[in-house]
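Notes for the one structure printed next.
The values are calculated or read from the model by the stated rules, or taken from the named source; none is laboratory data. All values derive from a computational prediction rather than experimental measurement. Cβ placement follows ideal geometry from the backbone for every residue including glycine, while neighbour counts extend to all protein chains displayed. Side chains are part of the model used for accessible areas, which takes the heavy atoms of the whole protein and leaves out ligands, DNA and RNA. Shrake-Rupley method; radii C 1.70, N 1.55, O 1.52, S 1.80 Å.
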Amino acid sequence: MPILSTDVVDLTQQLCTIDSVSGKEGEIVDVVAKGLEEQGWHVHRQKVYDDGKGRDNVYATRVPIGDHVPRLVFNSHFDTVPPLIPLKRTDDALFGRGVNEAKGQLAALIIAANRLVDERPDLAKDVALLFVVGEEIDHAGMIKANDLPGYGPEFLIVGEPTEMTYASIQKGALKVKVSVAGKAGHSGYPHAGVSAIHKLVEILDDIMKYEWPKDAHHGDTTFNIGSISGGQALNAWAEKAAAGVSFLLISLCNFLNIC
Ligand SMILES: [Zn+2]
């Protein structure tokens, strides 16, 4: 019996029975890496965490890694959010942790990639699979994947839940920390200091009022001022203030006005 089932539902079921809550990806990484090797893939395990638990990215290609840069990469992630919800199979559905995100996608991508290289051997060298760890917590796996030898696809097909519709783009994320310095002093003496909070509020007001880029096809740039801190006392000019802002971008060059 092959390590990985060649039926998409059976393979989803097989992957869902392995607990791979973020932090515990070692076992599923082993199974998928060995299974892909058995199917003829060149498998490169890329170490991501130093915790000794085998939480590695898996990058699989049809030619030795680094010999060629595949143009098309199928990507998803091994880890799930907690807790493990045991799998249940009915006549026409699977229920349990990972079916929707992202074991179903892993199974579909593995089977699609195998079918593609079987039916179009001329394209085989341009097809790769990239499965990462830590996606649900710190994105360490996907960030690290940029260092892989022979990685730089023109096309990336990402397996993620999108409510059963095809999504042509994923917004980029930009996290910004705005830090402002003031000068401490008693607030009864306006000339004695400078409030970092007053300056920060002006900057945040600019962010709120600015016309951020919009795109007819890809939607709007959106943002969230998710945290604010600063100040030392009600009667003192704030010496320091900071805010955390996260943007969801439709285009970085557009955002930075350098297109
Ligand atoms: Zn996901």
_Considering only residues that are open to solvent by 70 Å² or more (accessible area, probe 1.4 Å) and of a type outside the set (Asp, Glu), which ones fall in region 182-209?_
Lys183, His186, Tyr189, Pro190, His191, His198, Lys199, Val201, Met208, Lys209
_On the basis of being open to solvent by 60 Å² or more (accessible area, probe 1.4 Å), in contact with a helix residue (DSSP H, G or I) (Cβ under 6 Å, 6 or more places away or on another chain) and of a type outside the set (Ser, Thr, Tyr), does Arg120 make the cut?_
no
*Within the group Leu200, Leu234, Leu156, Leu174, which residue is within 16 Å of the ligand (Cβ to nearest atom) and among the aliphatic types (A, V, I, L, M)?*
Leu156
_Quick check on region 53-74: of everything there that is modelled with pLDDT of 95 or more and out of contact with any helix residue (DSSP H, G or I) (no Cβ under 8 Å at 6 or more places or on another chain), which residue is surrounded by the fewest Cβ atoms within 10 Å (Cβ to Cβ)?_
Pro64
*When both residues are 6+ apart or on different chains and their Cβ atoms are under 8 Å apart, which pairs have a first residue that lies in region 4-27 and is on the phi > 0 side of the Ramachandran plot, and a second that is among the hydrophobic types (A, V, I, L, M, F, W, C)?*
Gly23/Ile137
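Quick check on Lys125: is it farther than 20 Å from Asp7 by Cα and either in the same structural domain as Tyr59 (by TED's automatic domain parsing) or away from the ligand (no atom under 14 Å from the Cβ) (or both)?
Yes; evaluated as a whole, the condition is true for this residue.
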*strands (runs of 3 or more DSSP E) wholly inside region 124-241 that include at least 2 residues being within 30 Å of Ala112 (Cβ to Cβ)*: 127-132, 155-158, 172-181
*With respect to the numbered conditions (1) of a type in the set (Asp, Glu); (2) open to solvent by 60 Å² or more (accessible area, probe 1.4 Å); (3) within 16 Å of the ligand (Cβ to nearest atom), which one is the sole condition not fulfilled by Asp79?*
(2)
*Among (1) over 20 Å from Gly23 (Cβ atoms); (2) basic (Lys, Arg); (3) in contact (Cβ under 8 Å) with a residue 60 or more places away in the chain, which single condition is Arg115 missing?*
(3)
*Counting just the residues of region 1-28 that are of a type outside the set (S, T, N, Q) and in contact with a Phe, Trp or Tyr (Cβ under 6 Å, 6 or more places away or on another chain), which one comes out surrounded by the fewest Cβ atoms within 10 Å (Cβ to Cβ)?*
Ile28
